[in-house]
Amino acid sequence: MLFAFSRDGAVPGAKLWARVNKSKTPVYAVIAVTVAGLILTLPALWKVNIGTEEAPIYTVTAFFAVVSIGVLGLYLAFAIPIYYRWKAGAAFKQGTWNLGNKWKWMAPIAVIEILITSVYFILPLYPAGSPAFMRGFLGAPSAEDVPFDWKSVNYAPLVLGAIFIALWIGWHVTAKKWFTGPKMTIDLPQGVSSADEIALEHEHKGFHQPPEA
């Protein structure tokens with residue numbers, strides 16, 4: 001994904017991540033993603049005591065937040081295009097392979113399911129991490145019984161909120177001035193969109209294969 005977005009110039013350092021070696025492998029993108037993955041797992045080594053000194057309860061709150069952010073980010077990445085396809089309605093130009101009119105019920109169900117599932121990942125992990133308005137809800141302990149503690153907070157919604165705000169600002173300040181969308185990576189006949197690639201492959205066998213040397 002980093003390589004694909006880099007070809008479109010959509011990420012910082014795109015020229016580096018889009019480079020390939022002699023075997024046409026995006027080595028730099030692979031290394032970057034591998035290092036990022038290792039860094040993201042480091043919070044698993046940080047254990048937090050949410051209990052007392054006499055009765056310690058150790059947990060990896062930061063790692064739980066990282067996992068929640070990953071799942072939420074993936075789900076929301078699916079929800080956005082599904083929602084806009086639903087919003088476009090009949091005006092949306094379908095490709096060669098499509099689901100016909102089934103989008104009319106599949107799209108809203110998918111969006112609603114994603115939203116409901118996402119709620120689970122933004123809920124507090126422990127009673128001590130619950131905000132004031134959730135205390136006493138469905139039998140949760142009151143603030144007097146279990147004082148609020150930042151060590152028990154689910155940081156996933158806070159981090160995602162900050163990311164969305166940063167992306168919104170970045171888009172309106174600079175990105176929309178230079179980002180023109182995905183770039184074509186294969187040569188298609190004039191007037192043909194990438195949505196027709198499958199049909200072209202059937203009509204012209206070997207269409208996607210590189211020419212012989």
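Quick note: the coordinates plus some simple rules give every number you see, no bench work behind them. In this text, all values refer to a predicted model and were calculated from it rather than measured experimentally. All Cβ positions, glycine included, derive from the backbone under ideal geometry; neighbour counts span all protein chains shown.
Data overview
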read-out	value
Segment Leu99-Val173, extension gain: residue separation times 0.36 nm, minus the distance between their alpha carbons	22.9 nm
Sites Leu16 and Asp145 - FRET efficiency at Förster radius 41 Å, r taken between beta-carbons, to 0.05	0.15
Extension reserve of the Leu76-Thr41 stretch, reckoned as 0.36 nm per residue once the Cα distance is removed	10.4 nm
Length gained when the stretch Ala90-Phe164 is fully extended (0.36 nm per residue, less Cα-Cα span)	23.7 nm
Shape of segment 28-147, Cα gyration tensor, a/c cut at 1.5	oblate
Pairwise FRET efficiency - Glu53 versus Ala4, Cβ, R0 = 45 Å, nearest 0.05	0.35
Alpha carbon centroid spacing (whole Å) that separates segment 150-182 from segment 1-48	19 Å
Listed pairs Lys15/Lys177; Lys47/Lys151; Lys87/Lys183; Lys15/Lys176; Lys104/Lys183; Lys104/Lys176 exceeding 21 Å between Cα atoms	Lys87/Lys183; Lys104/Lys183; Lys104/Lys176
